[in-house]
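J.: The structure under discussion is supplied below as structure tokens; questions concerning it will follow.
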Amino acid sequence: MESSLIDLPDDVIAIRDTVRRFVYEQVIPREHEIEEQALVPPDIVQRMRELGLFGLTIPEAYGGMGLGSLAYAVVSGEISKANSAVRTYITVNNSIGYKAILLGGSDQQRREYLPRLARGEFLTSFALTEPGAGSDAQGIQTSAVRRGDRWILNGRKHYISHAHRAELFTVFAVTDKERRARGGISAFLVPKGSPGLSLGKQQEMMGGRGSHPGEVVFEDCEVPSENLLGEVGYGFKLIQACLNDGRLNLAACAIGAAERLLEMGTEYAKIRHAFGAPIGANQGIQWMLADSATELEAARAGVRDRAGEGRGAQRRPGVRHGEALRHRDGEPRRRSGAPDPRRRRLHEGLPIERFYRDVRMLTIVEGTSEIQRRSIARFLLGF
Ligand SMILES: Cc1cc2nc3c(=O)[nH]c(=O)nc-3n(C[C@H](O)[C@H](O)[C@H](O)COP(=O)(O)OP(=O)(O)OC[C@H]3O[C@@H](n4cnc5c(N)ncnc54)[C@H](O)[C@@H]3O)c2cc1C
């Protein structure tokens, strides 16, 4: 995140600048290749490992950097200036991919998985959504039944990021149909290769090429009883904790993408000529840029304020868990370059078309914009 009314501490500036150099010098020059091949090249993934990007938020005790919300938001913004597949590599492992292990896992599970995750040795997936249940997570049908010292899972997940690349899945299943969100959903760690676990089709989305969302199928899938995360029935609390945590950061990702878009739009307005002058000389174009810069500044200040303030901000109406920022920044950030047809016209011939598709997912993943609005309103109304 470029500039704001709120100053960044020196250590955050240092990591931001390192990641920015990596993104501009090594990723952006290859963004067409990543898009065309729907693959983040292995040498880029290796560089991300070397920079410690897979362990940004993982506590230092488990080999990560243990960054706080502000530093993580700033770094995520920088990463989001390139393809969203690159961002997904980093943000899934740093949030929903490991959070349930940290919050619900035993000491042994944490020690076994978190250091390897921090080193970027493998990818994880968060398997919640199903064909019949997305926003209404308590409607999932995947079931888990205890049989001796094992749990038997049956069901189908879909739209699961990195499904076909992940080595480890955090899976949510119903253990008590009557109780559901009130203690009837449990979380399990399911390693790839578990008996009865298979991968269904890869699901092409309009954007995010290379992040490989897909189906994960459980047919009498067996996991040892120690793969339960936390207590039986603790799953819904874990879902809420993992998703709430990520919302602020998705706003930061949207801001990073918008910064790049504004950069491209401004540059194009200078070099593209019409009627004998750069198109940026026209007031109509200037206002588009000015409106985008204004919205962006407000968004940046909001995210930094919330991230810097930490839990104190949760007492403020509408910013309890970052829903307000996620909602506000997800939507206007879509406009600041891509989905607003006016601004899109500004970028003709630039990688804007990919951003147009990529940024859309930020208004869907980990809770749609409508669900953010619902949460904000329910908080205000005290429901
Ligand atoms: C690129 C991508 C990656 C994803 N990765 C993952 C992943 O890794 N793991 C995972 O578990 N899931 C993942 N998802 C799934 C994502 O979390 C869901 O798509 C999302 O939660 C919405 O669920 P749904 O698609 O079933 O839509 P639905 O819940 O069926 O909603 C359909 C529409 O109705 C609206 N709606 C629903 N309820 C209300 C309401 N009460 N008020 C107003 N409007 C409402 C929604 O906002 C939406 O517009 C991913 C999705 C995408 C697109």
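Since every read-out is calculated from the coordinates, none of them should be taken as a lab result. Here the structure is a predicted model, which is why all the values come from computation and not from measurement. Positions of Cβ are generated from backbone atoms using ideal geometry, with glycine treated the same way; all protein chains shown enter the neighbour counts.
J.: Please enumerate, by chain and number, the lysines with C-alpha under 26 Å from the C-alpha of residue 270, excluding those fewer than 8 residues away in the same chain.
T.: Those lysines meeting the cut-off are 81.
J.: Quote the charge dipole size of the chain about the Cα centre in Debye, to the nearest 20; the model charges only the Cβ of Lys and Arg (+1) and of Asp and Glu (-1).
T.: 840
J.: What FRET efficiency, computed as 1/(1 + (r/R0)^6) with R0 = 35 Å and r the Cβ-Cβ distance, is obtained for residue 32 and residue 301, rounded to the nearest 0.05?
T.: For R0 = 35 Å, the calculated efficiency reads 0.60.
J.: So, one more: Would you be so kind as to identify which of 34, 275, 90 lies farthest towards the positive end of the dipole of the chain, taking Lys and Arg as +1 and Asp and Glu as -1 on Cβ and the Cα centre as origin?
T.: Checked the options; the winner is 275.
J.: Next question. Output wanted: per-residue J couplings in Hz (rounded whole) for segment 23-38, from phi through Karplus 6.51 cos²θ - 1.76 cosθ + 1.60, θ = phi - 60°, x for Gly and Pro.
T.: 5, 6, 8, 10, 9, 4, x, 10, 5, 5, 4, 4, 5, 5, 8, 6
J.: What percent of all Cα-Cα pairs in segment 1-117 falls in each 5 Å bin, counting up from 0?
T.: Values per bin, smallest distances first: 2, 11, 22, 22, 17, 14, 8, 3, 0.
J.: Mind checking which lysines have their Cα closer than 18 Å to the Cα of residue 99? Skip sequence neighbours fewer than 8 apart in that chain.
T.: Output for residue 99: 237.
J.: Picking from 161, 131, 381, whose Cα lies most toward the positive end of the charge dipole for the chain (charges on Cβ: Lys, Arg +1; Asp, Glu -1)?
T.: 381
J.: One quarter of the convex hull surface, Cα atoms only: what value does that give for segment 124-232 in nm²?
T.: For segment 124-232, averaging the hull's shadow over all directions gives 6.6 nm².
J.: Something else about it: Read phi for every residue in segment 119-124 and hand back ³J(HN,Hα) as whole Hz from Karplus 6.51 cos²θ - 1.76 cosθ + 1.60, θ = phi - 60°, with x for Gly and Pro.
T.: 7, x, 5, 8, 9, 10
J.: Got a sec? How would 186, 69 order by Cβ neighbour count within 10 Å, fewest to most?
T.: 69, 186
J.: Note down the Stokes-Einstein diffusion coefficient of the chain in µm²/s, whole number, using a Kirkwood radius over alpha carbon pairs, 10 °C, and 1.306 mPa s.
T.: After rounding, the answer is 74 µm²/s.
J.: Using a Förster distance of 51 angstrom, determine the FRET efficiency expected from the C-beta separation of residue 143 and residue 275, and round it to 0.05.
T.: Computed FRET efficiency for residue 143 and residue 275: 0.20.
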